[in-house]
Amino acid sequence: GTVGGYDYEATAGGMNPIAYWSFDETAGSTTAADSSGNNITATVVGAVTEGVTSAAGLGTAFKFTSGSSIDPAVIAANANYVTASNAGLSVEDSSFTHLVWINPSLSDSGYHAVMGYQASDAKDRYPSLYVYNGNGSTAALHGGFGDDTNWNSYISAGNVIQQNAWNLVVQRFDVTSG
């Protein structure tokens, strides 16, 4: 699809992604197809609404509703997410970029997972991205990844995410610059 004259799907596909899920499946789907060619099919878990209108020109999207905790036990109790095998998704010792469209509607002052996995030891966590609604009125990004030694993370300034609107978020780590 094209957004503002920019062909997002053609550009993303031309980057040779490890995985690319458009989340444009129809209602009742239990999987999300990988358009990268690497066949990393994602599985829909819980109450995920398919077929939601997405950013202009990009087709449809999934809608997730769950609690705001980053505690694995709370996430499991509010299980509405998509999961994929981590086979082929390792970013250790390599540069990586995440691109994701999000449309947050936050009413609390918590962390809301966009992608990632919360291992109990932070140094072992996969690359993660959260929308953080620190004081209940501003939306910041919190991202990071474990490198087997440290948890490398950041929290952006507030108001970098517009609530109730589509936002393109790009998170990049360049192994050559740290």
In nm, give the distance between the simple-model label positions of T31 and V100, each being 7 Å from the Cα along the Cα-to-Cβ direction.
2.2
How far apart, in nm, are two points set 7 Å out from the Cα along the Cα-to-Cβ line at V160 and at T138?
1.2
For N152 and T49, what does the FRET efficiency come to when R0 = 30 Å and r is the distance between their Cβ atoms, rounded to the nearest 0.05?
0.35
List, in order, the whole-Hz ³J(HN,Hα) value for each residue of the range 145-150 obtained from phi through the Karplus relation with A = 6.51, B = -1.76, C = 1.60 and θ = phi - 60°; use x for Gly and Pro.
7, x, 10, 6, 10, 9
Modelled label reach - D121, point 7 Å along Cα→Cβ, the range 137-164 residues with backbone N closer than 18 Å:
145-153
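FYI, it's all coordinate maths here, none of it is from the lab. Keep in mind that this is a model prediction, so the values were computed, not measured. As a convention, Cβ positions derive from the backbone with ideal geometry for all residues, glycine included, and neighbour counts pool all protein chains shown.
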